[in-house]
Amino acid sequence: MNDTGQFQAFDNKQRLVDNVVKQVIRLIAESKLEAGSRLPPEMKLAEQIGVSRTVVREAMQILIAKGLVETHHGIGTIVRAVGGEQISDHLALMVQVNELSLDNLHNVRSILEIEIAGIAASQATPEEIKHLSQLVDQLERDSVDPTRYVEADGQFHRFLAQTAHNPLLEILLDSFAGIMKEVRLSVSQDPAVGLSGMPDHRRIMERVKAGDVAGARQAMQDHLKRAREIQRQTIGREDSEGANAPKRSRRRA
């Protein structure tokens with residue numbers, strides 16, 4: 001990394017820590033600090049910006065909490081690759097504190113995945129369709145094991161997004177991955193849940209294979225609607241059973 005000209009000094013009257021954070025975020029956004037880049041040592045960075053080491057240290061803690069940088073002993077502070085994982089962690093926290101409901105997430109997920117299914121039907125390659133078919137076969141084999149079924153389910157939806165060849169769609173879908181995995185694990189303890197979803201996945205794959213854009217969208221819409229109803233019933237039942245257990249963390253369905 002070039003140590004000159006990247007960081008700017010600023011008036012001490014400003015909120016020093018926030019400004020250091022904003023500078024680093026701006027440099028990351030402008031690709032002047034790329035994933036894997038090493039920031040200058042704490043003392044050198046403080047000198048470049050014109051603040052104390054304490055200010056830099058506090059700014060780094062904020063950036064670490066945001067998932068933008070990470071520290072490695074003997075190496076220093078490294079810029080992280082930013083993807084859906086950081087968004088997923090934040091969404092999960094918002095659901096836990098009741099700032100978002102699962103219905104909020106489901107509505108946005110539906111908008112994304114219905115369109116993804118249509119795009120896949122319009123442009124998926126023979127190789128991609130073959131792999132999608134293999135993922136459906138894997139789902140059927142794993143239907144008796146909730147943990148493996150949930151993993152296979154996530155792989156199916158993520159690979160479908162990859163066929164759109166739009167990295168932003170993948171990042172957005174990944175942002176739901178963590179919280180949706182928890183929900184799927186919760187409801188998939190009933191073996192019938194896995195069995196009920198298998199025809200949906202195969203139907204989506206068949207519509208994609210046929211190049212049926214409208215059919216693929218409809219198949220995905222039907223699948224997500226059915227999945228949400230199962231989730232609502234299961235989580236609602238858990239909430240009812242746990243109503244007298246104040247220590248239990250519960251989400252709004």
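Report yes if some residue within segment 184-195 is out of contact with any His (no Cβ under 8 Å at 6 or more places or on another chain), acidic (Asp, Glu), at pLDDT 80 or above and in the same structural domain as HIS131 (by TED's automatic domain parsing); otherwise report no. No, there is no match, as no residue in segment 184-195 is out of contact with any His (no Cβ under 8 Å at 6 or more places or on another chain), acidic (Asp, Glu), at pLDDT 80 or above and in the same structural domain as HIS131 (by TED's automatic domain parsing). Just so you know, in segment 20-35 the residues that are touching a residue at least 24 places away in the same chain (Cβ under 8 Å) and part of a helix (DSSP H, G or I) include one that is nearest to GLU47 (Cα to Cα), and it is VAL20. Can you find even one residue in segment 6-14 that is modelled with pLDDT under 75, closer than 17 Å to VAL79 by Cβ and either in contact with a helix residue (DSSP H, G or I) (Cβ under 9 Å, 6 or more places away or on another chain) or surrounded by 14 or more Cβ atoms within 10 Å (Cβ to Cβ) (or both)? Checking segment 6-14: at least one residue is modelled with pLDDT under 75, closer than 17 Å to VAL79 by Cβ and either in contact with a helix residue (DSSP H, G or I) (Cβ under 9 Å, 6 or more places away or on another chain) or surrounded by 14 or more Cβ atoms within 10 Å (Cβ to Cβ) (or both).
Across segment 14-45, the number of residues qualifying as touching a strand residue (DSSP E or B) at 6+ places or on another chain (Cβ under 6 Å) and under 15 Å from GLU58 (Cα atoms) comes to 1. Note on segment 54-167: enclosed helices (runs of 4 or more DSSP H) holding 3 or more residues that are closer than 24 Å to ARG226 by Cα and modelled with pLDDT under 90 are 84-96, 102-123, 146-162.
The values are calculated or read from the model by the stated rules, or taken from the named source; none is laboratory data. Quick caveat, the model's predicted, so the values are computed rather than measured. As a convention, Cβ positions derive from the backbone with ideal geometry for all residues, glycine included, and neighbour counts pool all protein chains shown.
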